[in-house]
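The structure under discussion appears below in the form of structure tokens.
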Amino acid sequence: MAKRVLTTESGAPVADNQNSATAGVGGPILLQDQHLLEKLARFNRERIPERVVHARGSGAYGYFEVTDDVTGFTRADFLSEVGKRTETFLRFSTVADSLGGADAVRDPRGFALKFYTNEGNYDLVGNNTPVFFIKDPIKFPDFIHSQKRDPFTGRQEPDNVWDFWAHAPEATHQVTWLMGDRGIPASYRHMNGYGSHTYQWTNAEGEAFFVKYHFKTNQGVRSLSAEQAAELVGKDANSHQTDLLQAIERGVNPSWTLYVQVMPAAEAADYRFNPFDLTKVWPHADYPLQRVGRLVLDRNPDNVFAEVEQAAFSPNNFVPGIGPSPDKMLQGRLFAYADAHRYRLGVNHTQLPVNAPKATQADNYGRDGLHATRYGSRHDKNYEPNSYAGPTQTDAALGAPLAIHGWTGTYETAAHVKDDDFFQAGELYRLMSEDEKGRLVANIAGGLSQVTRDDVIEKNLAHFHAADADYGKRVEEAVRALRED
Ligand code: HEM
């Protein structure tokens, strides 16, 4: 093999990579040492802003294969035929901590999936939980501030975490989930993924359906107790990354089976729960899981920075046949992500290899900007409409229209007959075995008992009481016992 020559960024050979150029032996360094200047300057610029949430993550490529016919519900091409395969990239993440945080912590996990379809990239940016803490995007920055490090102490503070929840009764369902057995997954391979929001599917006849996505892990759900997690963090802070990387390197490719719950659009208005409320699930008895296909991860990225850190997922990257529902949280996210990417990665982040479409090409009149690498040919016009052969619109709607009624204003999410902030949290509690209930109560009490203000503790206790009398009583007793210690 030919010997590779070390070069500068401009391709010139480097004579010495061990000694900088000086004015004589022992003299000061010369400004003309281009290789040294470039090397130091380049090093200073290696980091980019970390994601404001979900900073820490791991990614892998794979494919999605359709196993069941869902053409009655959507005309998305990548779901159009049993056996059809589409290349994918999945980034898992923790949420609250910064890039250097540990993996095995009690926190939701991100499950962000990019399908490189031949109708453009479809991004499904979900979590490992079917619900979320809040139902209006206007609360999101406050929520995240309360869960991340305090601006004064520089630590995550139980006072802030629980004070937010004291003011957010709608979080009780997700808090019950997070403090329960699934709150610390054993690895990214051993957890489910959920789209969480309700999305709209439209079939070839123009009929609309509302759907929820469930990716069930084929590795089995496995979780860690608080004690096991603390021990693992001490041994390997990167335990999820290690597990995913090594499994795929060994050829033990993790997979998930995708199911959807499907609601005909006409049923949404009268369903007992508001189907667009992200703090609620649709019980499977109402809308059973229907199998769609299989997701397999089979290739580690070659470069973590290029492909995982620079990966950009946007919930507004839809393909024909799949679109948003009126869920307010989802609507907020349709703005937030691409905006975050323009800040973090720049306006041309969609041209980076991990983000660019693979099965089709972007072809439009968007131009230039920092680090543009996509050019048309010398004959392309940069305006539209034009009299030349530039790309033109299809005139085919991407999905069915959403019905809108009412006046503009700031409203609370509409409550349907069975909606309140606590019923589904209570249902989740009542589903748990006696042992699970015990661990849930201990986890909640462990955090809540560290809160310094009694009124914040009382407000939180009231939420657990409202969810289920036994749940409230047990959390209250456990918190009192720990505070009397
Ligand atoms: C209004 C509510 C929300 C807002 C404003 C919001 C905003 C953001 C922002 C700004 C990022 C960083 C993006 C980047 O820099 O690449 C992010 C990441 C992420 N969010 Fe959200 N988020 C919200 C709710 C949710 C919900 C409900 C889910 C899951 C169902 C979710 C899942 C994720 C995931 C998985 C990532 C990491 C994506 C990746 O791996 O690059 N977020 N979010």
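What follows is calculated from the coordinates using simple rules that are stated; it is not laboratory data. Please read these numbers as outputs of a predicted model, since none were measured by experiment. Because the Cβ atoms are built from the backbone with ideal geometry, glycine has one as well, and the counts that use them run over all protein chains shown.
Calculate, in nm to one decimal, what E412 and D470 gain on full extension: separation in residues at 0.36 nm each, minus their alpha carbon distance.
Value of the extension gain: 17.9 nm.
Please tell me the relative contact order of the range 423-484 in percent, rounded to the nearest whole number, where contacts are Cα pairs under 8 Å and at least six residues apart.
The value is 42 percent.
Which of the lysines could a cross-linker bridge to K212, judged by Cα under 29 Å and excluding same-chain residues fewer than eight apart?
Result set, ordered by chain and number: K84, K114, K135, K139, K148, K280, K328, K358, K418, K437.
Evaluate Rg over Rh across the range 423-484, taking Cα atoms for both radii and Kirkwood's formula for Rh.
Rg/Rh for the range 423-484 comes to 0.96.
Note the full-extension length gain between D380 and S80 as 0.36 nm times their separation in residues minus their Cα-Cα distance, in nm to one decimal. Please list the in-between numbers first.
Numbers: separation 300, 0.36 × 300 = 108.00 nm, distance 3.34 nm.
Using 0.36 nm per residue and subtracting the Cα-Cα distance, I get 104.7 nm.
R0 = 25 Å: FRET efficiency of V221 with T242, Cβ-based, nearest 0.05? Before the final figure, lay out each step's value.
Working: r = 20 Å, r/R0 = 0.78.
Efficiency, from the Cβ-Cβ distance: 0.80.
Which net charge results when you count Lys and Arg as +1 and Asp and Glu as -1 among the other residues whose beta-carbon is under 15 Å from that of K328?
-2
Per the Cauchy relation, a quarter of the hull surface: what is the mean projected area of the convex hull of the alpha carbons in the chain, in nm²?
Averaged projected hull area, Cα only: 31.4 nm².
Using r as the Cβ-Cβ distance of E267 and K358, and R0 as 45 Å, what FRET efficiency do you calculate, to the nearest 0.05?
On the way: r = 37 Å, r/R0 = 0.82.
So the FRET efficiency works out to roughly 0.75.
Go ahead and run the numbers for FRET between T394 and Y343, Cβ-Cβ distance against an R0 of 25 Å, rounding to 0.05.
Efficiency, rounded to the nearest 0.05: 0.20.
Lys and Arg at +1, Asp and Glu at -1: add these up for the other residues within a Cβ distance under 12 Å of A112 and post the number.
With Lys, Arg at +1 and Asp, Glu at -1, the neighbours total +4.
From zero up to wherever the largest Cα-Cα distance of the range 294-418 sits, split into 10 Å bins and tell me the percent of pairs in each.
9, 27, 33, 21, 9, 1, 0
Given the Cα-Cα distance of D68 and A204 and 0.36 nm per residue of separation, how much length would full extension add, in nm?
47.3 nm
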